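Visitor: The following block contains the structure, expressed as structure tokens.
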Amino acid sequence: MKPSARSPIGVFDSGLGGLTVLKALARRMPEESLVYFGDTAHVPYGTKSPEAIARYSTQVARFLAGRGIKLLVVACNTSSAWALPAIRRAAKVPVIGVVEPGARAALAAAPSGRVGVIGTEATVASRAYPKALARLKRGVRVESRACPLFVPLVEEGWWSGPVAAAVARRYAAPLRKAGVKAVILGCTHYPYLKGVLARALGRGVRLIDSAEETAAETERALARRGLRAPMGRRGRREFYASDAPERFRRLGARMLGRAPEKVKLKVLDD
Ligand code: DGL
């Protein structure tokens, strides 16, 4: 069946972190129905090979396409960096990744073109952000840093306090030295660390939350295609996890501010 304006938006992440994007979408467009898939059987993607990232991502894209989505948001930076073309082929609906919106917002905040990027090892290794930034502006100077300790810190709920602050200071040091004016939070989990990151980076450095930018881009993409849901009703929310749905529900409650009503288990074939 052809998707219509009433069809849901698919949101995909390697795990829980993409709930930051789901939240941003729900805030901006409460009338839209959202179906979220967390690939908890395979998380983290950030330490996997490009082949594995593309394989897992396309399985999820096919599953969500089968749920009749009208558009797919790839909330995961690692998937957006490595697997967008493969996801587009599998999804057969418009696909929005987080890299382009993040890069555009960073340049708007730092017109000088001195931008920092933080993300998983795989995202930093892909150079997807520096390439997107260079396409948008000549002569950009990008300082990238993988921050592998941030994902477990966020999942533990250590969003502030001395441990998070010490780790943030350590990761921020080369970015400070490079004199960046904006830092792209190039990973789903990092918006929870905005406070400690802002302090570690010091005044005058703007933090770019790709979740917000991606929600804005999604709204524009739907409007362009005449696919915005009718106003005045609240959209449905549906959650799937490929493993341990109870854990997803428990940790998701912390990240969303309230527990998702139900998280369904959906095992995807390898
Ligand atoms: N969702 C991933 C990202 O945004 C972070 C967690 C992972 O490594 O899978 O890059």
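Visitor: Please name which of Val163, Gly68, Ala134 has its Cα lying farthest along the dipole of the chain towards the positive end, using unit charges on Cβ (Lys, Arg +1; Asp, Glu -1) and the Cα centre as origin.
Guide: Of the options given, the answer is Ala134.
Visitor: Now, a different point. Can you list residues whose amide H is under 5 Å from Glu31's amide H, if they're 5+ apart or on another chain and H is modeled 1.01 Å from N?
Guide: Answer set, sorted by chain and number: Gly235.
Visitor: Using amide H atoms built 1.01 Å from N in the peptide plane, name the residues 5+ places from Ile96, or on other chains, whose amide H lies under 5 Å from its own.
Guide: Leu72, Val73, Val74
Visitor: Among 62-71, 37-46, 220-229, 204-213, what's the highest-first ranking by average C-beta atoms within 10 angstrom per residue?
Guide: On the way: 62-71: 18.4, 37-46: 24.2, 220-229: 14.6, 204-213: 21.1.
Top to bottom by mean Cβ count within 10 Å: 37-46, 204-213, 62-71, 220-229.
Visitor: Hey, can you find the accessible area per residue of the chain for me, probe 1.4 Å, expressed in square angstrom?
Guide: Each residue of the chain exposes 45 Å² on average to a 1.4 Å probe.
Visitor: Run down the aspartates and glutamates and flag those whose C-alpha is under 18 Å from the C-alpha of Lys194, throwing out any fewer than 8 positions away in its chain.
Guide: Filter leaves Glu155, Glu156, Asp209, Glu212, Glu213.
Visitor: Simple spin-label model, 7 Å along Cα-to-Cβ: Arg258 to Arg228 in nm?
Guide: 2.5
Visitor: How large is ³J(HN,Hα), in whole Hz, for each residue of segment 251-266 in order, when computed from phi with the Karplus curve 6.51 cos²θ - 1.76 cosθ + 1.60 and θ = phi - 60°, using x for Gly and Pro?
Guide: Per-residue couplings from phi come out as 6, x, 4, 5, 7, 8, x, 7, 6, x, 4, 8, 10, 8, 7, 9 Hz.
Visitor: Using a 1.4 Å probe on the protein chains only, how many percent of the accessible area of the chain belongs to carbon and sulfur? Walk me through the numbers before you get to the answer.
Guide: Numbers: 6260 of 12110 Å².
Carbon and sulfur: 52 percent of the exposed surface of the chain.
Visitor: Let me ask something else. So what J values fall out for segment 205-220 if you push phi through Karplus, 6.51 cos²θ - 1.76 cosθ + 1.60 with θ = phi - 60°, rounded to Hz, Gly and Pro as x?
Guide: Values, residue by residue: 10, 8, 9, 9, 8, 5, 4, 5, 5, 5, 4, 5, 5, 5, 4, 5 Hz.
Visitor: Here's another thing I want to ask about it. By how many nm would the segment from Arg135 to Arg27 lengthen if fully extended, with 0.36 nm per residue of separation less the alpha-carbon distance? Can you show the working numbers first?
Guide: Numbers: separation 108, 0.36 × 108 = 38.88 nm, distance 3.02 nm.
My answer for the length gained is 35.9 nm.
Visitor: Same structure again: With the Cα gyration tensor of the chain in hand, convert its eigenvalues to equivalent ellipsoid semi-axes via √(5λ) and list them largest first in whole Å. Could the numbers behind the result be given before it?
Guide: Values: eigenvalues 162, 85, 62 Å².
Equivalent-ellipsoid dimensions as semi-axes: 28, 21, 18 Å.
Visitor: In the structure shown, do any of Lys70/Lys131; Lys137/Lys181; Lys131/Lys181 have a Cα-Cα gap over 22 Å, and if so which? Don't skip to the answer; put the middle values down first.
Guide: Working: Lys70/Lys131 28 Å; Lys137/Lys181 15 Å; Lys131/Lys181 18 Å.
Checking Cα-Cα distances, Lys70/Lys131 exceed 22 Å.
Visitor: Amide H to amide H, which residues 5 or more places from Ile208 or on other chains are under 5 Å from it, using H placed in the peptide plane?
Guide: Amide H to amide H, under 5 Å and 5 or more residues apart or across chains, Ile208 pairs with Val183, Ile184, Leu185.
Visitor: Quick one: among Gly102, Gly18, Gly195, which has the greatest mean-square fluctuation in a GNM of the chain with alpha-carbon springs under 10 angstrom?
Guide: Residue with maximal mean-square fluctuation among Gly102, Gly18, Gly195: Gly195.
Visitor: While we're on this one: Could you derive backbone 3J(HN,Hα) for segment 144-160 from the dihedral phi with the Karplus parameters 6.51, -1.76 and 1.60 (θ = phi - 60°), listing whole Hz in sequence and x where the residue is Gly or Pro?
Guide: In residue order, the calculated couplings are 10, 8, 7, 10, x, 7, 5, 4, x, 4, 5, 5, 7, x, 8, 8, 8 Hz.
The values are calculated or read from the model by the stated rules, or taken from the named source; none is laboratory data. Small disclaimer: the values here were computed from a predicted structure and weren't measured. Counting neighbours? That spans all protein chains shown, and the Cβs are built from the backbone with ideal geometry, glycine included. Note: accessible area is taken over every heavy atom of the protein model, side chains too, but ligands, DNA and RNA are not part of it. Shrake-Rupley method; radii C 1.70, N 1.55, O 1.52, S 1.80 Å.
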